[in-house]
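Below is one structure; the comments refer to it alone.
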Amino acid sequence: MTGIIKISFALLFTFGFDFVKGFGFIPQPSGLSQTAIRSLARKRYGIGISTDNNSRPPMEGKVAVITGAAGGIGGEISKVLHSLGATIVALDCNNNGLEELQNYLDSQVVEGRSKDKEVGDGNSRVWTIAVGQEDLTAVAATADEIKKRYGKIDILLNNAGLTYKQDGSVELGAPYMKAKNGMDLSFTVNYLSHFLLTEKLLDNLSNASPKGRVVHLTSSFHWKVDGSELCPLSDESIIAYESDPSRQGPKHVERAYANTKLAQIWHSRSMRKKSGKDCSSVLACPTWAATGIAGDDGRSFLETFAFPVSHFGPGVTSSINAILRTDEELKEGDALDDGKCFVANSRIIEVLAPFLKFDLIKNPQLGRRDTVVDIFAIVLLLGQRFTHSKFLMQETSPESNEEVKWDAFYDWSRKSVEEYL
């Protein structure tokens, strides 16, 4: 992703700084209104629909577990769900960010109720847990703590993530490229830690009414890869998970983020069938959103060009829909469980995606896919604000819908985290 940002900067000089930067001054579309969000929550949870209980918070008594909650999309979703009356379990490695989130949420008025403290840490509806997703032992211990406190969990938002710099400064095999267990950092943080957390909480999600829901934050960038580096080899290893440069793919850094996003899609599609648990799974794609995922170098760039996430911004529209839409609405759009779509927020993907299905582009032997997807990512960045939609479901890549590969990947993932279960 940082590589795309650098290419975008190159456009400033190729086409003129004022022309390209001018996109940043075109008004952003609005996200869902607070009234619309409350209406969705009332419809999903059946609370506050009739006039006699209209003032009751629609997510009162509901529990939402959110990773990467100290900022960005995770932080904003924490605020949105808390404003609806939910209890927030906020996970992040950023202690200062968690403290700021706790202080902010505890100071808020929820639907006319001053501070509205009830379930949670003490009498607050916010419980912050400092945990690094790169440490599977810590993630497992955190899941055990959550399970003990809450018999029912209504929402699990798998949001935390990172991307490698693509400016040539990354040293393959370096300690900072490895998770606590010595394997690839990006794959562990973005995918495997979330698989582990989900597996640990499935029983609690199944106990919820209506049934709990897992929402995975994926990306249209998954079109960059074909899944070959996620398929278990004869020695039961997976190329995308390797940290040894001699065992990694030829474009490990460039494809790492995309591989983890496809991994999340495969997990979501296989979860209900393979786990046998009665909870649903939904994918959300925020497109380009103004978060800190690209680090300090990319933060100001994303704040200028990408969808804003704060104050119910368009960058969280797809996440809110994935969380609050009813099963019937998502199933109708083929975005529930093993459906072929994810919840999106920009129609420009529908224009670009058909070109990526041509064998001339997607054939890995020809080596064109990486370049084409990078170019399309820039087009998406510049065009998404003109094609924003407040509720949209879009088909994902052909490789994301290969059931045999989902199943094999789920089995591999389960075996990889077995010692932590």
> For the chain, taking Cα atoms only, what is the radius of gyration to one decimal and the Dmax to the nearest whole Å?
Replying inline: 20.5, 66
>> Using +1 at the C-beta of Lys and Arg and -1 at the C-beta of Asp and Glu, which of Ile47, Thr387, Val372 has the Cα lying farthest in the positive direction of the dipole of the chain?
In response: Ile47
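With N residues in the range 138-264, what two-decimal value do you get for its Cα radius of gyration over 2.2 N^0.38 Å? Let's see the in-between values first.
Values: Rg = 16.1 Å, N = 127, 2.2 N^0.38 = 13.9 Å.
This ratio for the range 138-264 stands at 1.16.
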> In nm, what is the difference between 0.36 nm times the number of residues separating Asn95 and Ser310 and their Cα-Cα distance?
Replying inline: 75.4 nm
> In square nanometres, what is the average projected area of the Cα convex hull of the range 292-421?
Replying inline: 11.0 nm²
>> Which aspartates and glutamates, if any, have their Cα less than 15 Å from the Cα of Lys180, not counting same-chain residues under 8 positions apart?
In response: Glu134, Asp135, Glu242, Asp244, Glu419
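If you take every DSSP beta bridge fully contained in the chain, what fraction is antiparallel? Give it as a percent rounded to 5.
Numbers: 9 of 33 bridges.
For the chain, the DSSP antiparallel bridge percentage is about 25.
Can you pull out the trypsin sites (Lys or Arg not before Pro) in the range 142-183 that DSSP calls coil and that have at most 10 other Cβ atoms within 10 Å? It would help to have the intermediate numbers written out before the result.
On the way: sites: Lys147, Lys148, Arg149, Lys152, Lys165, Lys178, Lys180; in loops: Lys152, Lys165, Lys180.
Within the range 142-183, no trypsin sites (Lys or Arg not before Pro) qualify (loop, at most 10 other Cβ atoms within 10 Å).
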> What are the principal axis extents of the Cα atoms in the range 189-256, in Å, biggest first?
Replying inline: 47, 28, 18
>> On the principal axes of its Cα set, how long, how wide and how thick is the range 236-341? Give whole Å, largest value first.
In response: 46, 43, 18
> Once Lys and Arg get +1 and Asp and Glu get -1 on their Cβ, which of Pro250, Ala90, Ser310 lies farthest toward the positive end of the dipole of the chain?
Replying inline: Ser310
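What does the convex hull of the Cα atoms of the range 211-290 come to per residue, in Å³, rounded to a whole number?
116 Å³
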>> I'd like the GluC sites (Glu not before Pro) in the range 196-256 restricted to DSSP loop residues with at most 12 other Cβ atoms within 10 Å, sorted by number.
In response: Glu236
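Only the coordinates and a few stated rules stand behind these numbers; no lab work does. The shown structure was predicted, so the numbers you read here are calculated from the model rather than taken from an experiment. Virtual Cβ from ideal backbone geometry, glycine too; neighbours counted across all protein chains shown.
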